[in-house]
Each structure stands twice: as C-alpha cells, then as structure tokens.
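Some notes on the structure that comes next.
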Amino acid sequence: MKGASGRLTIYIIVAMFLGIGVGYVIHLQSSPETIKSFSTNIKILTTIFLRLVQMVIAPLVFTTLVVGIAKLGDLKAVGRVGGKAMLWFISASLSSLLLGMLLVNFFKPGAAIELGNADLDSAKDLIGKTQEFSVVKFIEHVFPKSLFDAMAHNEILQLVVFSIFFGVATAALGDKGKVVVKALDATAHIILKMVGYVMNFAPLGVFGAISAVIATKGLKVFSFYGHYLFAFLVGIALLWVLLLTVGYLILGKRLFELLRGISQPLLIAFSTTSSEAVFPKLTSELEKFGCKDKIVSFILPLGYSFNLDGSMMYMTFASLAIAQAYGIELDLGTQLTMLLVLMLTSKGIAGVPRASLVVVTATCAMFNIPAEGIALIIPIDHFCDMFRSMTNVVGNALATTAVSKWEGELAPSTVVEEV
C-alpha cells in the first residue's frame, strides 16, 4: 500500500487494535458507571464521523444518479440496466436467505443460547420500532412526498425514485437539459472531493466504535455466544465464497484488483458496522476501478436498498435461532414463507439504525415467535454486524461491476499510486 490511501488504511487498522486495548482495560478496571460514561462519551467520535458521511450521501446520490440517468439517455436504457441489476439483487438476496436458513437448521445455534443472557433493555427499544415495517409504511418509504424531506432523512430509496424521474426528464429536454447535467456533474465531483476530507476522520470513528463496545461487553461475550458466532461466521465465509466465485466468473482476474481497490471501504464498514458510512468512498473506488459513472450512480444507490447480502443471510439465521432458543419447531413451509416475508420487509432498511434487528423483531412477532427473544442475540449483535456490513459492501461492489461488464461499460482501472 502506497500513498495517502495506504497510510489511511494503516491508521484505521491501528485505531481498531488501539480501541480493543483501551476498551478492554476500561472494562476490567472500571466500575459499571465509569464504563457507561466512557462508552457514551467515546462514541461521540463515531457519531461525528458518521454524521460527516451522512452529510454528503444525499447530495451525492442525487447529483450522480441524475447525471448517470441523463447519460444513459432514455427510459429504455434505464430499464435495461435496472433489469440486469434487479436480476442480480433478487438472485443474491434469495441465495443469502436460503444459506442462512440451511445453516441455522444444520448448526442449531439457538439451542445453545442461554435465556439468562438476554439484554431486555435494548430489546424494548427495538420492539417499539416494529410497526414501521407494515405494507403501508413500506409504500410510504419508497415514494417521497418531498425531495427535501428525503434528503433530510437520508432516505436513499426515495432519493432514487425522485432522481430517476428528474434524470429521465432532464435527458428528454435535449440541449436544454445539458446545462443542468453539466452543473450537477461538477457538483458531484466537488462532493467526491469532500469525501476525501471526511475519510480522514475514519480512524477516530473506528477507535470510538470499537473501544465503546469492548468496554461495555468485554471479550467474555464470545465464550457465551461462541457456537452462535461460529455458525454465523461459517455462513459469512460460504456467502463470500459464493459471491466471489460468481464475481470471478464475470470479472476473471480483475476480481482481485477490485478487492484491493475496495479494501479501505471494507475495513471501514467492518469497524464501524455501517454499510452507509462507505457509500461515498465506494462510489469513487468503483469509478477508479473502471465502472462508468452513469452505471455506478444508478446501481449503487439501488444496491443499498435491494442488495444487502450479509444482512439478508443474518435475518433468517437470527429469526430461526430465536425460535430454536424457545424450543419452537417450524416446518419447512413456514420457514420458506418467513424467507419470502424477509425478502419483502427488508428492502430500503440501510439507513435505519440496527435495521436487521428491527426486521427480525417484526418477523418473529408475525410468526408467533416471542418478539422479546431479540434480547437473546443483542449481546453478540455488534460483532455479527461487523461481518454483515462488510459483506454488504462486497455484494454491492460486485453487483455494480457485474452490470458494468454486462453493459460493456467496464474500462481498465484508472488507479494511480500516490508517492
């Protein structure tokens, strides 16, 4: 690794290990009140970093997506590219859900969870959010009533809907629309420059996130949930094998170049447990890899709503593990029905804090599994979230590059090593 990007990656890795060390010392030598105070205050660093990232997401999605759609030219091209993207998204989502279902039935991690380890306080907050995932709320979540409201709340799916209409209309204006496209293109490049500045805060955000959770949970949580975490990591590993195998079939040896290019976004997603935190950086890295901006700006925002592979696998895994913990037997038909329900209710959840757990809670209640059972997996959820967030990033990077290749729009890499 060379240049500023390589140095930043090293700083992030150092921040991770430093966070583990500081957090563990606090956990061992402090009172519960001190630990709580430390965790609350140190997480301010993570909050600052995530807010800086969220600050640029809405304008970046809007400007790049409008420019991308305008460059695609017409509704036919938008439909063709969108159709290829949805084919990938649906296939990847179903594969992830099925893998989670197969593994949880094979390993039965829920049977090893002790009911006494439940985190009931955190579960109450999640149970209170389950009403957000009704059919009516889902429709409201997709279609914006105001562009500014969608931007204010970083509703990516709503921004995508508005931007598609705006981009198609701009393209239809011909020469008159070119002025708007040029202005938005320049704005997008300014925002991407801002992303470079924001990423300099990543090590601080990583340190705050890691030290806070280690100070609160300690390392002993792994002994309580070892079987559960092991089974989940086997699932993540198999999902990576599946995704990378398909990626290799499409990209060939360039797959390894892609993985090197997105290593920094992967590391940030892993350490902050936020797929959203790397959206701007992932956009620029995919363009450097050779994906055309018009493809990246269209596929990537859609991917953040429809292609969360790690989260999808975890949802079936966690839902069925909770049923196992309570000794509830679910037949194959019921499990497949649950899988389809999760397929629908999970769309557009990227911007919701602990979104996977909220969806799991709602799904459990729907299938007469005690909703408070979510408290059983909360203690280990942060560590599971690290891996599923990183997997989400891999899935979206592969989806974008695959569609670019299918469209004949994948150019050679433009990465230039800095000295």
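Since every read-out is calculated from the coordinates, none of them should be taken as a lab result. A quick note: this is a predicted structure, and the numbers were derived from the prediction, not measured. Here the Cβ is made from the backbone with ideal geometry for all residues, glycine too, and neighbour counts use every protein chain on show.
Laid out as a table, the results:
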read-out	value
Taking the chain and dividing mean pair separation by its residue count, relative contact order in percent (alpha carbons under 8 Å, at least six apart)	33 percent
Overall Cα dimensions of segment 3-406, principal axis frame, Å, largest first	67, 49, 44
Taking the C-alpha atoms of segment 362-404, convex hull volume expressed per residue in Å³	77 Å³
Distance between modelled label sites at residue 248 and residue 24, nm, 7 Å Cα→Cβ extension	3.4 nm
Proxy reagent accessibility, fewest Cβ within 10 Å first, across 257, 285, 329, 114	329, 114, 257, 285
When segment 12-96 is reduced to its Cα atoms, the Kirkwood hydrodynamic radius in Å	17.5 Å
Three principal axis lengths of segment 257-390 [C-alpha, angstrom, descending]	50, 27, 24
Relative exposure of 313, 55, judged by other C-beta atoms within 10 Å (fewest first)	55, 313
Equivalent ellipsoid, segment 304-343 (semi-axes from 5 times Cα gyration tensor eigenvalues, Å)	21, 12, 5
Residue-wise HN-Hα coupling along segment 397-411, computed from phi with Karplus coefficients 6.51, -1.76, 1.60 (Hz; x: Gly, Pro)	5, 5, 4, 5, 5, 5, 5, 4, 5, 4, 7, x, 10, 9, 8
Taking 140, 155 and counting other C-beta atoms within 10 Å, the order from fewest to most	140, 155
Links that overshoot a 21 Å alpha carbon limit, given the list 36/220; 176/294; 71/405; 76/288; 71/182; 84/292	76/288
Helix axis angle, 279-289 relative to the chain longest principal axis, alpha carbon, degrees	50 degrees
The chain: angle of helix 175-199 to the longest principal axis, Cα-based, in degrees nearest 10	40 degrees
Under Karplus coefficients 6.51, -1.76 and 1.60, residue-wise ³J(HN,Hα) of segment 51-67 in Hz, glycine/proline x	5, 5, 5, 4, 4, 9, 5, 4, x, 5, 4, 4, 5, 5, 5, 4, 4
